[in-house]
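Worksheet: the structure to be examined is printed underneath.
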Amino acid sequence: MIRRHFFLVVALAAVVLMLVVGGLKLAFANKETKGAGGGGRATSVSQMVVGERPFTDRIEVLGVAKGRQSVTITSNTPELITAVHFTDGETVSRGQVLVELKADQENAGISEAKARLSQAERDYNRWKTLADKGIAPRATAEQYLSALEVARAAVGTAQAQKLDRVLRAPFAGRVGISDVAPGMLIAAGTPIVSLDDVSVIRVDFSVPDRYLATLRIGLPIAARPDALPGETFQGHIAQIDTRIDPATRAIKARAEFPNAGGRLKPGMLVKVAIDQGVRTAVAVPEAAVQFEGSQASVFRIAKGPKGMVARRTDVETGITADGFVEINSGLKKGDKIVADGLNRIQDGAPIGGGKGGKDGAKGEGKGHKGGDQGGAGRKAG
């Protein structure tokens, strides 16, 4: 009986102890919660003074690069290749012979035409002499003159047929990779080699007609090829189409980029950017902005009842560039905000000393070099 009562007393004591411990924990938690709203331990965070920086409004569209002149050399007749006068990747001049085709028949045709021409010249000269002396009719001499002119045309035709057997570069440029070799029989229209003038690269792109007022010939433009990450090429708008596409409501433009180093290749996918202008606006680092759905907010440092506290402030954001977010409303220059560590604070939490007092936007991204500094703007497509 005594033993049973002993165990009941021990169990009751254990329950009382658990209740006391739970109450102490609850009281301690309430104290911490109360302290978080003011008067508790201050949180040390990185602070910054809101400043201004330049932002650039920009139109970005995609285009495909191509050479200033590009052609694929082909033959207009089936024939045997007798000579190849270029090597893969060679730079050739205008009019340079690239490929010779078998021309035995054409050579024979030229010889025959020249022989007929010589005979026609002799016949005409003889009959002209007789006509001048009054021995032969003038009409006969004129008939032989006509025959002479026909013979001369036949020589020109034969020589033109031979020219079809010699393929020349229509302009200066660089040839591509080819598989042709002497002794190969090719069909009419068979590609022999590509030829590109890549001293200047052209990029055609379409822009919505609402940006028509922005476009003008000579406007600077930047190109960023996907195949060359981190590289930017500077050029200008060379031509603007005369019509707007009624289906897409877009206008076609052509930009040209100097390509002395040959880095740009025809066929590259290129992102071109047209800067519309630079403006100065309030900006904060991306790390200082929280997004909940479409609503953005920052923690502004304000004076509380017992010191400085963090106040969640809703802001309206603009474009993002180089790690900074444009603030259209909600903050002003000179406000102090929490720069990072947002996951460690709550609205109304006391703020202790930390890295702060520094203008985190002032001086960032000064200038506008090649469209890289100052921001990336709207994308049009």
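The values are calculated or read from the model by the stated rules, or taken from the named source; none is laboratory data. Computed from a predicted model, the values in this text were never measured in an experiment. Neighbour counts run over all protein chains shown; Cβ positions are idealised from the backbone, glycine included.
Of all residues in region 329-346, those satisfying the criterion of being within 13 Å of Ile301 (Cβ to Cβ) and not in a loop (DSSP other than H, G, I, E, B) are Lys336, Ile337, Val338, Leu342.
So which residues in region 262-274 are more than 15 Å from Asp196 (Cβ to Cβ) and small (Gly, Ala, Ser)? Once the filter is applied, which keeps residues that are more than 15 Å from Asp196 (Cβ to Cβ) and small (Gly, Ala, Ser), region 262-274 yields only Ala273.
Condition test on Ala141, is it in a loop (DSSP other than H, G, I, E, B) and more than 25 Å from Arg168 (Cα to Cα)? For Ala141, the condition - in a loop (DSSP other than H, G, I, E, B) and more than 25 Å from Arg168 (Cα to Cα) - is not met.
Elements of the type strands (runs of 3 or more DSSP E) sitting completely within region 219-325 and holding at least 2 residues that are in contact (Cβ under 8 Å) with a residue 24 or more places away in the chain and surrounded by 15 or more Cβ atoms within 10 Å (Cβ to Cβ): these cover 220-225, 233-245, 250-258, 269-285, 295-304, 307-321. Here the condition is being among the hydrophobic types (A, V, I, L, M, F, W, C), touching a helix residue (DSSP H, G or I) at 6+ places or on another chain (Cβ under 8 Å) and part of a helix (DSSP H, G or I); of Ala154, Ala136, Ala108, it holds for Ala154 alone. Of the candidates Asp132, Asp57, the single residue that is without any contact (Cβ under 8 Å) to a residue 40 or more places away in the chain and either surrounded by 16 or more Cβ atoms within 10 Å (Cβ to Cβ) or farther than 30 Å from Ala222 by Cβ (or both) is Asp132. Say whether the condition of being closer than 22 Å to Ala273 by Cβ and charged (D, E, K, R) is met by at least one residue in region 178-191. No, region 178-191 has no match at all.
The numbered conditions (1) in contact with a helix residue (DSSP H, G or I) (Cβ under 7 Å, 6 or more places away or on another chain); (2) under 20 Å from Val198 (Cβ atoms) are all true for Arg224 except (1). Quick one: is Val71 surrounded by fewer than 18 Cβ atoms within 10 Å (Cβ to Cβ), outside any helix (DSSP H, G or I) and in contact with a Gly (Cβ under 7 Å, 6 or more places away or on another chain)? When the stated conditions are applied, Val71 does not pass them. Of all the listed residues (Ala120, Ala169), the sole one being among the hydrophobic types (A, V, I, L, M, F, W, C), more than 30 Å from Thr74 (Cα to Cα) and either assigned by TED's automatic domain parsing to the domain that holds Thr87 or buried (at least 18 other Cβ atoms within 10 Å of the Cβ) (or both) is Ala120.
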